[in-house]
Amino acid sequence: MAGQRNGVVAGPAFPASGCWLARARVPDRLLDVPQRDALAPAAPGFRAVQLRIQDGHITALAAAVANDGLPVVDLADGIVTPCWVDLHTHLDKSHTATRIGRTHHALRDAVAASGEDRDRWTVDDIRRRMDFSLRTAYTQGTRAIRTHIDWVGASMPQAWPVAQALRGEWSARVELQPTSLSPLQLFAQADAGTAIAAVLAKQGGVLGASVHPVPGQRSLLERVFELAVAHDLDLDFHADEHLQNDIEGLRTIARLTMRYGWEGRVACGHACALSVAPVDACASVLRALADAGIVLIGLPLANLQLQDGSAGRTPRLRGIAPLQEARDLGVRVGLASDNVQDAFVPFADFDLLQVLAVGALAAHLDDPLARWIDCIGTTPAAAMGLAWDGTLRVGAPADLVLLTGRNSFEVCGRPERRVLRGGRLIDAALPDFRELDRPGPAN
């Protein structure tokens with residue numbers, strides 16, 4: 001059965017020889033300052049740009065189309081961004097919601113349900129779901145993904161080699177960066193932590209842990225940092241994903257980042273506890289995150305679903321990290337998909353435009369296409385250490401999302417898009433969910 005179309009609109013063909021993309025609007029935040037200043041404003045936060053695409057790259061960003069004989073594609077003031085980067089996902093769990101068959105409203109319940117479902121996992125099952133997720137993300141306009149892989153003991157989980165195999169198979173389309181995700185208490189077992197770090201160092205992974213208030217938290221985090229330094233690993237934490245008045249996990253991570261000289265190599269997702277912390281304490285931790293160069297990843301879909309939840313009761317506290325205050329205090333802020341159609345988030349589709357729109361509503365991120373688009377572009381690209389930082393400049397890959405909408409209202413209200421990779425339109429058909437019903441190995 002044919003896949004569904006992703007809000008894609010009909011448009012002119014893109015000649016293989018190259019073309020001009022005329023009447024584009026590009027967010028100021030995605031341009032180098034000299035380039036931005038050389039272009040005229042199109043609307044607040046946007047520049048009027050004509051982009052020349054040749055040989056799979058951007059060869060000009062100009063105020064006017066040159067008379068060079070190349071075809072011209074009129075974008076009619078539609079917004080253009082680089083393809084997006086999803087800094088926090090869980091591909092190993094993705095697309096299990098249908099078989100789990102129920103929705104969860106508390107983190108502990110989702111963890112338990114996911115653990116029960118893990119007993120059904122096989123290599124073929126994991127591969128089918130992860131490949132489906134990658135095809136979906138690629139079609140939506142994503143070019144790179146960091147995925148957490150549950151690693152709950154010393155032994156390598158069966159999802160890890162699957163992720164590594166798909167990393168190679170998908171390298172020309174989606175850059176995949178696997179990250180271990182272990183309970184912090186696991187690092188009390190010296191051999192377990194060492195074994196995990198050794199695998200990550202050999203295979204190019206990121207070291208991750210889930211940090212909640214537990215006895216001995218500081219010493220356990222010190223162990224994680226010691227392993228990162230010894231094996232030269234970036235770090236990515238699920239940090240203070242709760243609504244207790246306890247933000248010592250985040251505070252300790254910031255202090256250890258500075259002590260171990262790991263500035264710029266640490267990311268923290270969730271940080272829900274900051275939403276209920278006293279204002280002064282919250283600001284103190286945010287300043288520490290900024291000083292340490294830590295990226296704070298907002299995960300609105302998961303936190304709206306799982307914080308302050310219980311059956312038959314509307315949640316009052318939504319657990320959204322204070323993203324506006326974080327940016328104002330100098331913290332680098334990202335937004336990401338997190339879980340997709342599993343026990344944690346039942347409704348999602350690896351669509352970072354959806355994440356941006358929901359995040360904008362939940363955290364009051366005004367004019368997200370102009371003011372927050374870097375949260376799914378340049379900021380996560382830098383955190384992942386990608387070769388291209390996502391800034392639109394001459395020589396950059398022509399890996400672009402062409403949005404029909406001219407402003408945040410239109411784009412978030414009707415998220416129509418076309419996706420270019422290497423200057424060529426990709427197939428706009430999303431994979432059909434019925435594929436996940438079929439037994440046997442994934443294609």
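Inter-label distance, Phe433 to His105: 2.1 nm, where each label sits 7 Å from its Cα along the C-beta direction. Note on the chain: GNM, Cα springs under 10 Å; of Asp374, Asp338, Asp68, the largest mean-square fluctuation is that of Asp68. Work out the FRET efficiency for Asp32 and Arg424 from their Cβ-Cβ distance, taking R0 = 22 Å, and round it to the nearest 0.05. Efficiency for this residue pair is about 0.30. Placing pseudo-labels 7 Å out from each Cα toward the beta carbon at Thr391 and Ser219 gives an inter-label distance of 4.6 nm. How much net charge surrounds Tyr138 when only other residues with a Cβ under 9 Å from its Cβ are counted (Lys, Arg +1; Asp, Glu -1)? Around Tyr138, the charge tally is +4.
Among the listed values [x] 68, 53, 48; [y] 59, 50, 41; [z] 59, 55, 43, the one computed from these coordinates for Cα extents along the principal axes in Å is [x]. When restricted to Cα atoms, segment 270-401 yields an Rg and a Dmax of 15.7, 55 Å, respectively.
Over segment 30-91, calculate the relative contact order: mean separation of alpha carbon pairs under 8 Å at least 6 apart, over the residue count, as a percent.
So the answer I get is 20 percent.
Counting Lys and Arg as +1 and Asp and Glu as -1 over every other residue whose Cβ lies under 15 Å from the Cβ of Asp191, the net charge comes to 0. Relative to the first principal axis of the alpha-carbon coordinates of the chain, what is the inclination of helix 279-291, with its axis defined by its Cα atoms, in degrees from 0 to 90 and to the nearest 10? It works out to around 70 degrees. Suppose each label sits 7 Å from its Cα in the direction of the beta carbon; what would the Arg287-Gln244 distance come out to in nanometres? Distance between the two pseudo-spin positions: 2.6 nm. Along the chain, the exposed loop sites are trypsin sites (Lys or Arg not before Pro) outside DSSP states H, G, I, E and B with at most 12 other Cβ atoms within 10 Å, and the longest stretch free of them is 121-315. For segment 290-381, the set of chymotrypsin sites (Phe, Trp or Tyr not before Pro) satisfying both a DSSP loop assignment and a count of at most 11 other C-beta atoms within 10 Å is given as Phe347.
Phi-derived couplings, Karplus 6.51 cos²θ - 1.76 cosθ + 1.60 at θ = phi - 60°, listed residue by residue for segment 25-34: 10, 10, x, 3, 5, 9, 10, 4, 4, x Hz, with x used for Gly and Pro. Restricting the calculation to alpha carbons of segment 32-151 gives Rg and Dmax of 21.9, 63 angstrom.
Where a number appears in this text, it was derived from the coordinates with a stated rule and is not lab data. Because the structure is a prediction, the values reported are computed rather than measured. Glycine also receives a Cβ, built like all others from the backbone with ideal geometry; neighbour counts cover every protein chain displayed.
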